[in-house]
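The values are calculated or read from the model by the stated rules, or taken from the named source; none is laboratory data. These numbers were taken from a predicted model, which means no experiment stands behind them. Note: ideal-geometry Cβ built from the backbone for every residue, glycine included; neighbour counts use all protein chains shown.
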Amino acid sequence: MTTREKSETNMKGQFGKLNNNGQALLFVLVALTIALSVGVALSSRTLQLSSRAPRSDTSTRVFAAAEGGIDRLLDQPTRFLDRLSSKTPDCTEMGFTPIAGDSTRCILNFTKAASDEIESRAVLSSQTFNHTGIIGSTSYYAVDLSPNQTKNIEITGMSLIRLCWENANAAVEYILYGPSVTERNFLKTSVSAFISNISSTGFTDGTSEAVREGYPLPYCHDITVIGMTGLRVRTFFQGSRIAVVPVNPTSLPTQGYRLYSRGELVQDGDISTTKAIVVYRSFNTAPSFFDYALFSNNDVP
């Protein structure tokens, strides 16, 4: 082999080594890039999950505080709710904490673990309510009744009301009662699936109406209630949503309490998270089996 040939052979070997080294370096760089990308993605995912877990825990805790406050309010006697609604509560009487300079609310503090830096509490308030819904400018009181379930509605001072219901297959009984008078009546629709089981005697057909202002549900009947203090409603055959619309005057008397509980998480004196719950507590209603007392000719033992 000549000197020239040897030189060319050596150069080819050197270039081969360079090519092999370059390919190896390129492979290492690609591998590192992939590993780094996967690592960053996993780290980001871990950070997202880590940040989501505290948010979920915080949301659960503040909701539990609000729910605990509502449970305590629902368990209070009417005399306390009356005072709270009229802005004259004695918070300490029921184990709550008063707010300095604020006579409209009470605070329920929850006991925390010694190692817990976050305090949970519920800010409680109440106000009376007359209606649960409104269409246009006309308010109404509505409730869902299961079959044979009853509901009392206060009507003291009313002259005319409109009783509406939603389910065409439900029959409705309503009882009007006052200081010395009790009246019992029955309503149905002409398209009820149970019409063959209902004697036409004693039942009045409700009118079919398009839902609009003054008619929140599709079947309605106007009732004169002068001198009456209460309306007692019950559904038969099937359950239905019931609505009472004040016609004259245009507002019902007080029906119960609108209870408000705002859960709060407090850390280092600052409120970090809040959650509110609102519940309507109507005045008490006696179960339907007490109805016999309304129609007894003698004293009920």
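Observations on the model:
- Residue pairs meeting the criteria (Cβ under 6 Å; at least 6 apart or on separate chains; first free of Cβ contacts under 8 Å to residues at least 60 places away in the same chain, in the stretch 75-100; second among the basic types (Lys, Arg)): PRO89/ARG83; ILE99/ARG105
- Scanning the stretch 61-73 for residues that are surrounded by fewer than 20 Cβ atoms within 10 Å (Cβ to Cβ) and closer than 20 Å to THR92 by Cβ yields GLY68, ASP71, ARG72.
- Wholly enclosed strands (runs of 3 or more DSSP E) of the stretch 167-238 bearing at least 3 residues under 25 Å from GLN255 (Cβ atoms): 171-177, 182-188, 219-224, 230-236
- Checked against the criterion of being in contact (Cβ under 8 Å) with a residue 12 or more places away in the chain, closer than 30 Å to ILE271 by Cα and among the hydrophobic types (A, V, I, L, M, F, W, C), the candidates CYS164, CYS106 yield just one match: CYS106.
- The lone exception for GLN238 - which of (1) at pLDDT 95 or above; (2) polar (S, T, N, Q); (3) over 30 Å from ALA122 (Cα atoms) it fails: (1)
- SER261 at negative phi, at pLDDT 95 or above and among the small types (Gly, Ala, Ser): yes
- Qualifying residue in the stretch 173-192 (condition: over 23 Å from THR132 (Cα atoms), loosely packed, with under 15 Cβ neighbours inside 10 Å, without any contact (Cβ under 8 Å) to a residue 12 or more places away in the chain and not acidic (Asp, Glu)): yes
- Strands (runs of 3 or more DSSP E) contained in the stretch 70-156 and holding at least 2 residues in contact with an Asp or Glu (Cβ under 8 Å, 6 or more places away or on another chain) and not assigned by TED's automatic domain parsing to the domain that holds GLU213: 118-129
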